[in-house]
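Quick notes on the structure that follows.
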Amino acid sequence: MAIALSSIVTVSAAEKTSPMPADLKPATPSLAGKPDAYNVVWDSPSADARGSMPIGNGDIALNVWVEPSGDVCFFIAKSDAWDENMRLLKLNKVRVRFEPALSTEAGFRQELKLREGVIIISDAKLIARFWVDANHPVVQVDAKSLSGQPVACSVSLEPWRKEKGPLRKEVVSSTGSTSLPAVNYPDVILPQEKGRIGWYHRNVVSPWLPNLKLQKNESIAQTEKDPILNLTMGGIVRGAGFAAVSDTEMKSEKSAAARSVRIHVLGRVTDTPEAWVAELEKQANAVEKIPDAERLQKNGAWWKAFWERSWIHVGGSPMPANADLVTRGYTLQRWINACGGRGGAPIKFNGALFTVDNAHNDPDYRAWGGGYWAQNTRMIYWPMLASGDFDLIQPWFDIYLKALPARKVATKAYYGHDGAFYPEIFNPWGNYQDGKNVGYGVNRTGLPDGFVDNAYIRYHWQGGIEAVAMMLDYYDITQDKKFRDESLLPFAKEIITFFDQHWKRDQNGKIRMTPSQSLETWWTCVNPLPEVAGLRFVIPRLQ
């Protein structure tokens with residue numbers, strides 16, 4: 001099977017924020033199935049992060065843009081960088097400045113090179129490569145003079161989480177936790193060292209146990225560990241020939257014809273901040289023992305294999321209207337999925353790892369919050385079964401499988417029977433979000449355990465059945481017997497058991513599903529179609 005993108009596109013500064021790319025050219029037949037036919041090329045700088053290019057390695061991702069001054073800026077994101085409020089944080093903003101400055105007029109070019117997995121930015125004098133190693137947790141910037149003239153360089157951090165204080169009301173309403181006070185906690189900037197600057201964000205409180213207690217399944221804390229408390233995420237910046245001039249800035253010690261800077265990233269629960277720093281330094285040393293050329297070659301090999309895994313090229317004679325646009329859109333969306341789909345958490349439906357700031361919100365804000373909405377997120381993952389992107393689908397399966405013990409506890413606590421159900425909107429450990437607008441609700445006065453404040457999802461339990469259906473398709477394609485026996489069948493057993501035991505039978509011995517609802521829309525139903533159709537679809541395939 002195979003997939004391609006559309007021809008090289010030149011976009012002006014004004015067009016970068018428009019919904020449809022300009023100057024789209026039809027792909028020639030000789031380019032079918034080749035992603036480089038759809039590289040995105042810009043010939044002008046960007047006003048701000050809304051004109052950024054996305055790139056990533058599946059876990060660590062960047063938004064990269066060039067300002068009119070010639071400075072190159074990027075946000076760093078990580079797939080599982082959850083803060084104390086269950087927001088998926090950006091890790092930091094980085095600014096790279098060259099001297100002489102990168103020209104944003106004659107000769108300026110910024111190209112997203114899909115096959116190589118890099119962004120190339122250049123003018124008549126300088127060429128710079130920005131990439132996130134597909135096989136290691138490191139961001140790298142390589143620059144080289146085209147004229148032979150020496151180049152100086154500085155790299156600086158621009159954190160925005162500087163002080164402890166309350167989150168704004170509109171931000172609080174979109175978080176996944178309201179059991180704890182909504183507080184914005186600051187980052188920690190590491191003291192400068194000669195060839196290093198760095199930072200981290202460490203969660204000093206966690207909503208995990210309060211969330212478990214609120215929803216009456218705190219017993220799971222006896223066997224599970226808090227995934228949020230002491231989670232520390234950040235990075236260090238290193239560069240040969242660079243020296244720190246402050247805690248947030250490094251500069252090249254002298255001009256040279258070539259420059260290379262590495263940003264090593266780590267997210268880990270550790271006993272102390274010092275243990276996190278030591279682990280990150282060890283990780284960085286191991287990566288830097290591998291020659292850059294070898295890592296770059298293997299990065300390109302990973303992306304080459306990814307594009308050759310499958311492709312779609314929409315064509316025909318005569319060419320259907322917008323066929324090339326459809327092909328290009330498909331391929332660029334697949335690029336986005338690959339950039340953020342191999343990490344410790346599934347892809348977020350509301351912006352993935354590429355949300356940016358604007359006049360009203362900082363880069364950490366995302367509409368609809370930090371939780372997973374199954375009905376929305378599933379649409380990212382169904383196509384991966386057809387495209388063969390089985391490595392990208394694993395985090396979606398994993399979030400269900402890891403939460404299974406907790407969901408069994410919740411089912412028994414609320415309903416007194418076996419099996420497991422999954423909410424429509426859930427935290428990374430599988431529980432409802434706290435907030436009344438998005439989930440369970442904190443004020444439980446007069447409410448029975450398990451009764452959900454948010455009527456849109458009160459009985460919206462269809463997502464577990466759909467996860468079984470996706471796992472069945474995955475097994476049919478891969479014939480992975482280990483996955484079947486250790487993941488699919490134990491998970492499916494608990495989902496089917498819930499639906500078998502939850503409702504009473506009618507006079508004919510058939511299940512009568514009520515109270516129930518049909519997705520988010522119809523709140524008072526008997527035997528809702530999604531559940532009935534879903535069960536009739538998966539049960540025969542499990543026999």
Inset, instruction - Measure off 7 Å from each Cα along the Cα-to-Cβ vector at Arg50 and Asn527, then give the distance between these two points in nanometres to one decimal. - result: 5.1 nm
Inset, instruction - For the range 269-314, give the percent of accessible area contributed by carbon and sulfur heavy atoms, probe 1.4 Å, rounded to a whole number. - result: 60 percent
Inset, instruction - Choose one of Asn211, Gly239, Tyr200: the residue whose Cα lies farthest towards the positive end of the charge dipole of the range 172-330 (beta-carbon charges +1 Lys, Arg; -1 Asp, Glu; about the Cα centre). - result: Gly239
Legend entry - Residue-span extension gain [Gln333 to Lys482] - 0.36 nm each, minus C-alpha spacing: 50.6 nm
Legend entry - Residue-wise HN-Hα coupling along the range 490-500, computed from phi with Karplus coefficients 6.51, -1.76, 1.60 (Hz; x: Gly, Pro): x, 5, 4, 4, 6, 5, 5, 4, 4, 5, 6
Inset, instruction - Please compute the net charge surrounding Met471, taking Lys and Arg as +1 and Asp and Glu as -1 over other residues with Cβ under 11 Å from its Cβ. - result: -2
Legend entry - Computed log₁₀ I(q)/I(0) - Debye formula, equal Cα scatterers, no solvent, the range 190-267, q 0.26 Å⁻¹: -1.13
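What order, most packed first, do the peptides 419-429, 36-46 have when packing is the mean number of other Cβ atoms within 10 Å of each residue? Can you show the working numbers first?
Working: 419-429: 24.1, 36-46: 20.4.
The peptides rank, most packed first, as 419-429, 36-46.
For the chain, what does the relative contact order come out to in percent, with C-alpha contacts under 8 Å and a separation of six or more? Provide the component values of the computation, followed by the final result.
Numbers: 1158 pairs, mean separation 76.3, N = 543.
Computed over the chain, the figure is 14 percent.
Rounded to the nearest 20 debye, what is the charge dipole size of the chain about its Cα centre when +1 sits on each Lys and Arg Cβ and -1 on each Asp and Glu Cβ? The partial results should precede the final answer.
On the way: 62 positive and 60 negative charges, 110 e Å.
Result for the chain is approximately 520 debye, rounded to the nearest 20.
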Inset, instruction - Rank Pro346, Ala367, Thr411 by how far each Cα sits towards the positive end of the charge dipole of the range 319-414 (+1 on Lys, Arg Cβ; -1 on Asp, Glu Cβ) and give me just the farthest. - result: Thr411
Legend entry - Apportionment of accessible area to carbon and sulfur, the range 87-173, percent (1.4 Å): 52 percent
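Note down the net charge around Leu231, summing +1 for each Lys or Arg and -1 for each Asp or Glu among other residues with Cβ under 14 Å from its Cβ. The partial results should precede the final answer.
Numbers: positive: Lys78, Arg87, Arg202, Lys225, Arg268; negative: Asp80, Asp83, Glu84, Asp187, Asp226, Asp271, Glu279.
Combined, the nearby Lys, Arg, Asp and Glu give -2.
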Inset, instruction - State the extension gain, in nm to one decimal, for the chain segment bounded by Glu288 and Asp43, taking 0.36 nm per residue of separation less the distance between their alpha-carbons. - result: 84.8 nm
Inset, instruction - For n ≥ 4 DSSP H runs only, could you compute -39500 (n - 2.57) per run for the chain, divide by its residues and tell me the 222 nm figure to the nearest 500? - result: -9000 deg cm²/dmol
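What ratio of Cα Rg to 2.2 N^0.38 Å holds for the range 136-290?
On the way: Rg = 19.7 Å, N = 155, 2.2 N^0.38 = 15.0 Å.
Ratio of Rg to 2.2 N^0.38 Å for the range 136-290: 1.32.
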Legend entry - Reference-scaled alpha-carbon Rg (2.2 N^0.38 Å with N residues) for the chain: 1.03
Inset, instruction - May I ask for the Kirkwood hydrodynamic radius of the range 354-453, worked out over all distinct Cα pairs and given in angstroms to one decimal? - result: 15.7 Å
Inset, instruction - Among Gly446, Tyr459, Tyr432, flag the residue with its Cα farthest along the positive direction of the charge dipole of the range 432-481, charges on Cβ as +1 for Lys/Arg and -1 for Asp/Glu. - result: Gly446
Inset, instruction - For the pairs Lys78/Lys481; Lys225/Lys408; Lys113/Lys144, note any where the Cα-Cα span goes beyond 25 Å. - result: Lys78/Lys481
Inset, instruction - Return the long-range amide H neighbours of Ile347 (sequence gap of 5 or more, or a different chain), with a cut-off of under 5 Å between placed amide H atoms. - result: none
Legend entry - In order through the range 465-482: 3J(HN,Hα) via Karplus (6.51 cos²θ - 1.76 cosθ + 1.60), integer Hz, x for Gly, Pro: 5, 5, 4, 4, 4, 5, 5, 5, 4, 4, 5, 4, 7, 8, 6, 7, 5, 5
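How much length, in nm to one decimal, is gained on full extension between Ala124 and Thr514, taken as 0.36 nm per residue of separation minus their Cα-Cα distance? Each step should come with its number before you reach the end.
Details: separation 390, 0.36 × 390 = 140.40 nm, distance 6.96 nm.
Using 0.36 nm per residue and subtracting the Cα-Cα distance, I get 133.4 nm.
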Legend entry - Taking the convex hull of Cα positions in the range 410-507, its mean projected area over all directions (nm²): 8.1 nm²
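With every protein chain left in place, what is the accessible area per residue of the chain in square angstrom, probe 1.4 Å? Write down the numbers at each step before the final one.
Numbers: 22680 Å² over 543 residues.
I get 42 Å² per residue for this part.
The values are calculated or read from the model by the stated rules, or taken from the named source; none is laboratory data. Not measured: the values here are computed from a predicted model. Positions of Cβ are generated from backbone atoms using ideal geometry, with glycine treated the same way; all protein chains shown enter the neighbour counts. The area values use the complete protein model at the heavy-atom level, side chains included, leaving out ligands, DNA and RNA. Shrake-Rupley method; radii C 1.70, N 1.55, O 1.52, S 1.80 Å.
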